[in-house]
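Comments concern the structure below.
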Amino acid sequence: MTLEKVYEQVVDRNPGEEEFHQAVREVLESIEPVMEKHPEFVSANIVERIVEPERQLIFRVPWIDDGGEVRVNRGFRVQFNSAIGPYKGGIRFHPSVYLGIIKFLGFEQIFKNALTGLAMGGGKGGSDFDPKGKSDNEVMRFCQSFMTELTRHVGPDTDVPAGDIGVGAREIGYLFGQYRRLTNRFEGVFTGKSPEWGGSLGRPEATGYGLVYLTSEMLKDHGESLKDKTVTISGSGNVAQFALDKCLEMGAKVVTLSDSTGCIYDPDGIDRDKFEYVKELKNVRRGRIQEYAEEYDVEYEDRGRPWKYECDIALPCATQNELDGKDAQVLLDNGVMAVGEGANMPSTPEAIEIFQETDVLFAPAKAANAGGVSVSGLEMAQNSQRLSWSFEEVDDRLQGIMKGIYKTVSKSAERFGDEGNLVLGANTAGFMKVAKAMLDQGVI
Ligand code: NDP
């Protein structure tokens with residue numbers, strides 16, 4: 001079957017799941033040269049198989065709110081591909097979650113995890129539950145109900161979830177606690193745990209730091225660095241905060257942050273003191289980024305996004321499709337030099353096309369944000385050994401992994417005919433590894 005036919009079949013079989021279609025399309029558009037060089041993948045129908053999840057779970061999550069009322073949400077876990085290791089991928093709690101979002105994220109995760117060089121398959125889960133505005137007790141009761149069902153499907157050698165949007169340290173604690181209570185086993189079934197009880201040092205920092213390591217590697221390859229560059233970042237959650245932290249360390253000036261209600265622009269730069277304020281605002285008080293603008297008397301735009309502000313480097317770190325063709329054009333007109341994707345699929349296909357037609361350096365999410373899952377892989381290794389490594393050891397390994405990913409992806413782009421096209425590089429390198437494993441393991 002041609003790649004175009006496979007895509008049509010995916011659209012037919014998964015109606016209404018636009019984000020999933022978009023993620024599949026991007027990969028299929030990249031792998032044509034792989035299929036030409038590897039007819040064995042064609043005859044084994046690897047592509048038809050890889051776009052179909054191994055297992056999709058959808059379940060009811062009933063819980064009781066603080067007013068005593070019974071509420072019902074929908075839970076998901078898509079176990080997409082386990083050819084190179086146990087399913088691995090985060091859990092997202094956000095009202096926009098439906099099967100199509102979880103499938104897009106699970107599908108991307110397969111190739112990203114392959115790029116890390118660690119033994120992890122791809123999966124993703126979540127719920128349309130919104131933790132915003134809920135009390136800690138409500139979040140706990142929801143997590144316990146969610147985990148009551150999920151427990152039977154996961155395990156340290158089967159499927160190891162982690163956090164994502166709306167699932168941070170607090171939620172992982174409640175989810176892990178319920179798993180332990182139901183199974184009577186203390187084992188590495190989640191990553192992103194607190195270092196006090198089995199988590200890896202450096203895991204909270206890993207996605208944001210990894211993004212900046214990879215972006216800086218890409219800049220270095222073109223005779224540039226982050227020093228004295230102006231950076232715009234979207235989001236103000238886990239990935240955005242630690243990307244900001246590492247940018248500061250590397251001597252860059254970060255001028256924006258955002259959340260789902262708006263965007264702040266601080267032309268003087270968000271320094272260490274202001275960063276402390278952001279962490280307290282977002283992680284402790286769980287407030288809105290607008291308060292930053294009030295505190296420091298800077299510009300705030302309701303529903304705004306950071307892409308209209310002048311910058312050298314843009315790091316989208318909030319959510320999917322948050323940077324469209326128009327935004328890409330404005331970034332370009334303002335002289336952007338590089339874009340590194342911290343979020344999953346933050347740039348629309350039109351935006352990516354604009355970057356690729358020009359000399360903007362573009363690091364796609366599968367490579368750029370793989371630091372999080374890499375350190376999750378290291379957390380699994382530490383859990384298996386019942387050891388914990390120092391922050392420095394984890395961070396050193398993370399830097400090595402991100403450099404390795406950049407090299408793998410660049411080489412693969414060259415091999416398949418378009419040097420510097422890291423989208424092609426990430427998709428082909430990730431696909432090759434999983435496709436070979438699937439071939440070796442027969443028709444399953
Ligand atoms: P968080 O929940 O910690 O932060 C998400 C941030 O993005 C918040 O500032 C949030 O604002 C904002 N946001 C969420 N949804 C929207 C929306 N629809 N429109 C505008 N802003 C939005 O999540 P993470 O930082 O963990 O995740 C951010 C991105 O990075 C996601 O795409 C995730 O899949 C990806 N990622 C995360 C990894 C990790 O290790 N955590 C690993 C790899 C990728 P608000 O608070 O108002 O909701």
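Since every read-out is calculated from the coordinates, none of them should be taken as a lab result. Small disclaimer: the values here were computed from a predicted structure and weren't measured. With ideal geometry, Cβ positions are generated from the backbone for all residues, glycine too; neighbour counts draw on all protein chains shown.
Assorted remarks:
- Working value for region 119-159: equivalent-ellipsoid semi-axes of 25, 12, 8 Å, each the square root of 5 times a Cα gyration tensor eigenvalue, largest first.
- Amide H contacts of Thr230 (H built 1.01 Å from N, under 5 Å, at least 5 apart or other chain): Lys253, Asp312, Ile313
- Between amide H atoms placed 1.01 Å from N, distances below 5 Å from Val167 occur with Phe93, all of them 5 or more places distant or on a separate chain.
- Among beta bridges that DSSP assigns inside region 151-279, antiparallel share in %, nearest 5: 65
- Value of relative contact order over the chain, rounded to a whole percent, pairs C-alpha under 8 Å and six or more apart: 16
- Length, then width, then depth: along the principal axes, the Cα atoms of region 47-183 run 49, 28, 21 Å.
- For Trp307, Trp197, Trp389, the sequence from fewest to most other C-beta atoms within 10 Å is Trp197, Trp389, Trp307.
- Of Leu115, Ser82, Val97, farthest towards positive along the dipole that unit charges on Lys, Arg, Asp, Glu beta carbons give region 71-132: Val97
- Cα Rg over Rh - region 166-207, Kirkwood: 0.97
- Alpha-carbon centroids, region 353-406 and region 90-149: separation in whole Å: 19
- D (Stokes-Einstein, µm²/s), Kirkwood Cα radius, region 268-398, 0.692 mPa s at 37 °C: 191
- Qualifying aspartates and glutamates (Cα of each under 17 Å from Cα of Lys37; at least 8 residues distant if same chain): Glu29, Glu414, Asp418
- Reciprocal of mean inverse Cα separation for region 121-215 (Kirkwood radius, Å): 14.1
- Sorted ascending by nearby beta carbons within 10 Å, beginning with the fewest, Cys317, Cys247 become Cys247, Cys317.
- Here the residues Phe391, Phe176, ranked from fewest to most Cβ neighbours within 10 Å of their Cβ, fall in the order Phe391, Phe176.
- In the chain, the calculated helix contribution to ellipticity at 222 nm averages -15000 deg cm²/dmol per residue, counting -39,500 (n - 2.57) for every DSSP H run with n ≥ 4.
- Ranked by the mean number of other Cβ atoms within 10 Å of their residues, highest first, the peptides 125-132, 161-168 fall in the order 161-168, 125-132.
- In a DSSP loop and with at most 12 other Cβ atoms within 10 Å, the trypsin sites (Lys or Arg not before Pro) in region 288-375 are Arg303.
- Which listed pairs, of Lys253/Lys308; Lys326/Lys403; Lys308/Lys433; Lys193/Lys282, have C-alpha distances above 27 Å, in listed order: Lys326/Lys403; Lys308/Lys433
- Across the options Gly304, Leu387, Leu361, the greatest Cα extent toward the positive end of the charge dipole of region 300-444 (unit charges at beta carbon of Lys, Arg, Asp, Glu) belongs to Leu387.
- The Cα atoms of region 236-286 define a convex hull whose projected area, averaged across directions, is 3.3 nm².
- If both residues of a DSSP beta bridge must be in region 17-133, then about 75% of such bridges are antiparallel.
- Charge dipole (region 214-351, unit charges on Cβ, about Cα centre) - positive-most of Gly262, Val239, Leu332: Val239
- Scalar couplings 3J(HN,Hα) for region 211-221, obtained by applying the Karplus form with A = 6.51, B = -1.76, C = 1.60 to θ = phi - 60°, are 4, 6, 4, 5, 4, 5, 5, 5, 5, 4, 4 Hz; x denotes Gly and Pro.
- Bridge orientation summary for the chain: considering DSSP beta bridges with both residues in this region, about 55 percent are antiparallel.
- Region 137-152 - phi-based ³J(HN,Hα) in whole Hz, Karplus 6.51/-1.76/1.60, Gly and Pro as x: 5, 5, 4, 5, 5, 4, 4, 5, 5, 4, 6, 4, 7, 5, 3, 5
- Compactness of region 137-191 was expressed as the Cα radius of gyration divided by 2.2 N^0.38 Å, which yields 1.02.
- Among Ala429, Ala83, Ala381, residue whose mean-square fluctuation peaks in a GNM of the chain (springs only between Cα atoms under 10 Å): Ala381
- Prolate/oblate/rounded label for the chain (Cα gyration tensor, a/c 1.5): rounded
- Whole-Hz ³J(HN,Hα) from phi, Karplus 6.51 cos²θ - 1.76 cosθ + 1.60, for region 229-235, glycine and proline x: 8, 9, 10, 10, 10, 9, x
- Computed from point charges on the beta carbon alone (+1 for Lys and Arg, -1 for Asp and Glu), the dipole magnitude for region 349-444 about its Cα centre is near 480 Debye.
- Cα-centred dipole magnitude for the chain, charges only on beta-carbon of K, R (+1) and D, E (-1), debye, nearest 20: 1880
- The magnitude of the dipole of region 135-276, with charges of +1 and -1 set on the Cβ of Lys/Arg and Asp/Glu and taken from the Cα centre, is near 420 debye.
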